[in-house]
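See below for the structure under consideration.
Just so it is clear, none of the values below were taken in a lab; they were calculated from the coordinates. Note that the coordinates shown come from a computational prediction; the quantities given were computed from them, not determined experimentally. For neighbour counting, all protein chains shown are included, and Cβ atoms are generated from backbone atoms with ideal geometry for every residue, glycine included.
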Amino acid sequence: MTAKTVYQNPWFEVVQDGRWHYIYEPNAQQGAVIIARQEQEFILVRVPRHAQQSLQLEFPRGYGEPNEPAVHAAVRELREETGFTVAPDTLIELGQVRPNTAILASRLPVFYVDIPPGQVPEPHDEEAVAVVRLTGEQLDQQIAAGAISCGITLAALQLLYVKQRTDFSANG
């Protein structure tokens with residue numbers, strides 16, 4: 001049997017492939033997760049997630065626009081959700097995460113950026129309820145306490161930790 005779309009909306013499609021169903025998000029691969037730090041503090045957002053019926057603490061992220069490079073989506077999403085503006089060439093791509101390989105066909109690029117000290121966020125779209133700053137220690141405490149449980153955020157953070165370890169090992 002060939003795969004066929006059994007439901008579609010502007011954000012995703014439900015695809016049936018034989019007895020299996022999965023979700024395809026057309027603009028996820030052009031989207032991005034952004035790990036941003038300013039003066040040793042991670043920048044996270046508190047966002048309403050209706051599927052969880054709660055506010056979640058996450059790294060900024062979002063879909064890309066059609067034909068938008070992922071790095072440009074990262075710049076746009078960071079600005080929309082936090083008010084911080086960065087140049088595309090300041091972003092470092094860490095890799096990709098696959099949020100749920102059982103039912104999501106999505107891959108989401110992960111970027112890291114250091115926001116210059118003293119930069120003040122501009123007024124923004126306020127997609128997030130709040131912008132939250134956490135030191136690395138505070139971030140670890142929030143994860144250990146279960147206050148941060150978003151799989152995309154946790155996987156992105158792991159990519160950063162691995163990158164930091166391997167870069168450190170390679171340099172000496």
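A few notes on this one:
- Conditions (1) surrounded by fewer than 19 Cβ atoms within 10 Å (Cβ to Cβ); (2) in contact (Cβ under 8 Å) with a residue 40 or more places away in the chain; (3) under 30 Å from THR5 (Cα atoms): number failed by ALA130: (3)
- Residues that are hydroxyl-bearing (Ser, Thr, Tyr) and surrounded by fewer than 19 Cβ atoms within 10 Å (Cβ to Cβ), drawn from region 93-117: THR101
- Matching residues, region 116-172, being part of a helix (DSSP H, G or I), among the basic types (Lys, Arg) and closer than 21 Å to ALA32 by Cα: LYS163
- Scope region 91-121; condition within 27 Å of ARG19 (Cβ to Cβ) and of a type outside the set (A, V, I, L, M, F, W, C); matching residues: ARG98, PRO99, ASN100, THR101, SER106, ARG107
- The listed residue being more than 12 Å from the chain's Cα centre (by Cα), surrounded by 19 or more Cβ atoms within 10 Å (Cβ to Cβ) and β-branched (Val, Ile, Thr), out of THR90, THR82: THR82
- Looking only at residues in region 28-58 that are in contact (Cβ under 8 Å) with a residue 40 or more places away in the chain, part of a loop (DSSP other than H, G, I, E, B) and of a type in the set (S, T, N, Q), the one that is nearest to ASN100 (Cα to Cα) is GLN29.
- Among the residues making up region 1-27, those that are surrounded by fewer than 12 Cβ atoms within 10 Å (Cβ to Cβ) and assigned to a loop (DSSP other than H, G, I, E, B) are MET1, THR2, ASN9, PRO10, TRP11, GLY18, ARG19.
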